[in-house]
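The values are calculated or read from the model by the stated rules, or taken from the named source; none is laboratory data. Note that this is a predicted model, so its numbers are computed, not measured. Neighbour counts run over all protein chains shown; Cβ positions are idealised from the backbone, glycine included. Protein only, heavy atoms only, side chains kept; ligands, DNA and RNA dropped before computing areas. Shrake-Rupley method; radii C 1.70, N 1.55, O 1.52, S 1.80 Å.
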Amino acid sequence: MTSVSLRPSGFDELGLRRALSDRLLPFLVAAMAFLAALALAGWVGAASLAREWQAGSGSSLTVQVPRPGDPAQRDSGPKDAPPKDAPPRDASEGDSDKASGSAAGGTRIERTLSLLAGTPGIDTARRLSDAQLTDLLRPWLGAGAGRLDLPLPAVVAVRLSDPATDLDALARRLSAEVPGVLVESHGTWVGRLTALARSLQACAGLALLLVVGVAAAVVAVATRSGLSARRAAIEIVHGLGATDGYIAGRFAARATLLATIGGAAGALLALPVLVALAGLAAPFAGGSVPAEQGVIAFLAALPTPIWASLVALPAGAAAIGFVTAQGTVRRWLRRMP
Amino acid sequence: MVRFEGVGLRYRAIGRAGRSPEVLHDISFTLPDGVFRWLLGPSGAGKTSLLRLMYLAVAPSRGHLTVLGTDVSAAPRRALPRLRRRIGVVFQDFRLLPHLSAFDNVALPLRISGRPEGQVRADVTEMLRWVGLAKRIEAYPSQLSGGEQQRVAIARAVIARPSLLVADEPTGNLDDAQAERLMQLLHEMSRLGTTVVVATHNDRLVARHPAPALLLEHGRLTGHH
Ligand SMILES: Nc1ncnc2c1ncn2[C@@H]1O[C@H](COP(=O)(O)OP(=O)(O)O)[C@@H](O)[C@H]1O
Ligand SMILES: [Mg+2]
């Protein structure tokens, strides 16, 4: 192999400027890069959604208490409902089995809170304030939710310390004491959403793989057509003692250049689309919608992994161009003596 | 040193079942370094095929072939490029690269060998002047006459000072004066140690430059004198 070749940089002995022309290949690669950018964005987005949803909320549930201010039932249902091991700190007044201390004729919400507090495996049980509730409901009821005089249920956010806590038993016990109470585990929903996000992520990954495969095929086809167009020239250069590496290097240099141009163009084209998508996705991903308008703010809205992928696209296209051209040419050259 | 030992050549049949006929049979001879040899024989005798074996464009179907001391049949494929760089070839049909100027065509062997560009420039300019093409340096092959193209092909074959020079009908498009000049160059190269083999059926040229010859007929070596 030639070690240091000082061949002039523009020396195109195989005539590849025409045989691997800049007409078609960069455009095809640009289209691939654009698709790859979308797939990458989908992958990154789905991954961050899944992470966001899973984080912290994995072991929480909400308890809704309709008519929270009404007095709790005097006589609760089954006598054996309250937990025997729970310290009856704030036991209901009607619970004759237990030592009813204060039992100050609690409301339904108070009863619920005290029951929750007395249940092992529960870390915290916190009633959402009216303001928080209004915030939660704003998407459905609009900004005036607070002014509507709706009979809103109280909502208690519960954080479990032991994720294995038997939620069905808890729900049964709560409804026995406070009829109408609704226990909703986030776990199920988080699980479903996470599964959805993971499937989306897998689809995006698959799309990305396909795009890489198609891009490699496009480069291979272009290289093969270049090989047959320059067969005579290759035979001459080969006959003059050029190694396979020399000839493959010429093709690879050209294919790499064209693929890089295509990759960069595709990434540039994808940029505005990704910024728009990031803006749409920000609220779901726990980020914030950029407050001030303007290009900088919009660009800053792109998550770092997306930025990294955009930069990586031309590099990836270059790598695909180089490796594919090298492989294609070297395999083709093996038929020569 | 070039040595043929019982060499046979059969071109690979393209798209046809069965084996194609052998075009060279049982060729055996040895050329020491620095000799000059004519390769003579009627058209179709196998002269071009024999030369193709020598410049490693085809591999023998049987027998042993040694070129410049390397056993070609046994050498790994990746050893051949380095060997080819020590062989200069003047093709019957020139085989210039149409998209390169005369200069770049002649410079090609040097650049493939990775010679410094300064040396390439000096050597190629000098060589093109010697073959009388100093004014056509930037011309493309399509802008050159047959004789001019042949001289570019000759310049490309000798530019890297090969140890073996193989020429297939190199005077076909040259006038007598140019042919004489070429013969002087070839004799000079062989005097400096290059093994030179020239296939021709230009009898007048052979008569003017008597030298030992390999005689081919119907793919067999019928004389070596
Ligand atoms: N590439 C090839 N494929 C098949 N047969 C060939 C090929 N080249 C030459 N031949 C055959 O080999 C024989 C010798 O041809 P060649 O070596 O060109 O003879 P010469 O140069 O003496 O005219 C001829 O019969 C020719 O048809
Ligand atoms: Mg011939």
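Which of the residues belonging to region B:55-87 are more than 10 Å from every other protein chain (Cβ to nearest Cβ), open to solvent by 30 Å² or more (accessible area, probe 1.4 Å) and of a type in the set (A, V, I, L, M)? Don't jump to the end; show me each part of the working.
Let us first name the residues in region B:55-87 that are more than 10 Å from every other protein chain (Cβ to nearest Cβ), namely B:60-71, B:73-76, B:79.
Remaining after also requiring open to solvent by 30 Å² or more (accessible area, probe 1.4 Å): B:61-64, B:69-71, B:73-74, B:76, B:79.
Correct list: B:Ala74, B:Ala79.
Residue check: B:Leu133 meets all listed conditions (1) open to solvent by 10 Å² or more (accessible area, probe 1.4 Å); (2) away from chain A (no Cβ under 14 Å) but one, namely (1).
Does B:Ala102 satisfy being crowded, with 21+ Cβ neighbours inside 10 Å, within 20 Å of the chain's Cα centre (by Cα) and more than 9 Å from chain A (Cβ to nearest Cβ)? Lay out the reasoning, then the answer.
Working: crowded, with 21+ Cβ neighbours inside 10 Å: yes; within 20 Å of the chain's Cα centre (by Cα): yes; more than 9 Å from chain A (Cβ to nearest Cβ): yes.
Answer is yes for this residue.
Residue-by-condition table, conditions (1) outside the structural domain of A:Ala37 (by TED's automatic domain parsing); (2) at pLDDT 95 or above; (3) not polar (S, T, N, Q):
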{"site": "A:Ala197", "(1), (2), (3)": "no, no, yes"}
{"site": "A:Gln201", "(1), (2), (3)": "no, no, no"}
{"site": "A:Ala204", "(1), (2), (3)": "no, no, yes"}
{"site": "A:Val219", "(1), (2), (3)": "no, yes, yes"}
{"site": "A:Thr223", "(1), (2), (3)": "no, yes, no"}
{"site": "A:Leu227", "(1), (2), (3)": "no, yes, yes"}
{"site": "A:Ile236", "(1), (2), (3)": "no, yes, yes"}
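Yes/no matrix, rows are residues, columns are (1) within 16 Å of ligand 2 (Cβ to nearest atom); (2) within 14 Å of another protein chain (Cβ to nearest Cβ):
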{"position": "B:Glu22", "(1), (2)": "no, no"}
{"position": "B:His25", "(1), (2)": "no, no"}
{"position": "B:Ser28", "(1), (2)": "no, no"}
{"position": "B:Val35", "(1), (2)": "no, no"}
{"position": "B:Gly46", "(1), (2)": "yes, no"}
{"position": "B:Leu53", "(1), (2)": "yes, yes"}
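Of all residues in region B:100-108, none are touching a helix residue (DSSP H, G or I) at 6+ places or on another chain (Cβ under 9 Å) and within 30 Å of B:Pro42 (Cβ to Cβ).
Open to solvent by less than 30 Å² (accessible area, probe 1.4 Å), at pLDDT 90 or above and either of a type outside the set (Val, Ile, Thr) or in a helix (DSSP H, G or I) (or both): is that true of A:Ala325 in this structure?
Values: open to solvent by less than 30 Å² (accessible area, probe 1.4 Å): yes; at pLDDT 90 or above: yes; either of a type outside the set (Val, Ile, Thr) or in a helix (DSSP H, G or I) (or both): yes.
Spelling it out, A:Ala325 is indeed open to solvent by less than 30 Å² (accessible area, probe 1.4 Å), at pLDDT 90 or above and either of a type outside the set (Val, Ile, Thr) or in a helix (DSSP H, G or I) (or both).
Applying the criterion of at least 3 residues that are open to solvent by 60 Å² or more (accessible area, probe 1.4 Å) to the helices (runs of 4 or more DSSP H) found wholly in region A:154-267 leaves A:186-229, A:231-239. Which of the residues spanning region A:19-44 are open to solvent by 30 Å² or more (accessible area, probe 1.4 Å) and part of a helix (DSSP H, G or I)? Correct list: A:Phe27, A:Leu28, A:Ala31, A:Met32, A:Phe34, A:Leu35, A:Leu38, A:Leu40, A:Gly42, A:Trp43. Annotation: A:Ser228 fulfils all but one of (1) polar (S, T, N, Q); (2) away from chain B (no Cβ under 14 Å); (3) touching a residue at least 12 places away in the same chain (Cβ under 8 Å); the unmet one is (3). Give me the residue from region B:88-99 that is of a type in the set (A, V, I, L, M) and over 22 Å from B:Leu39 (Cβ atoms) and, out of that set, farthest from the other protein chains (Cβ to nearest Cβ). That would be B:Leu96.
Can you tell me which of B:Thr171, B:Thr125 is in the same structural domain as B:Leu39 (by TED's automatic domain parsing) and in contact (Cβ under 8 Å) with a residue 12 or more places away in the chain?
Numbers: B:Thr125 fails: in the same structural domain as B:Leu39 (by TED's automatic domain parsing).
Only one candidate passes the filter, namely B:Thr171.
Restricting attention to region A:268-279 and to residues that are modelled with pLDDT under 90 and over 13 Å from the mean Cα position of the chain (by Cα), the residue that is surrounded by the fewest Cβ atoms within 10 Å (Cβ to Cβ) turns out to be A:Pro272. Please work out which residue is surrounded by the fewest Cβ atoms within 10 Å (Cβ to Cβ), limiting yourself to region B:167-202 and to residues that are acidic (Asp, Glu) and within 16 Å of ligand 2 (Cβ to nearest atom). My answer is B:Glu169.
Among the residues of this structure, B:Ala160 counts as one that is farther than 16 Å from B:Val198 by Cα and touching a Lys or Arg at 6+ places or on another chain (Cβ under 9 Å).
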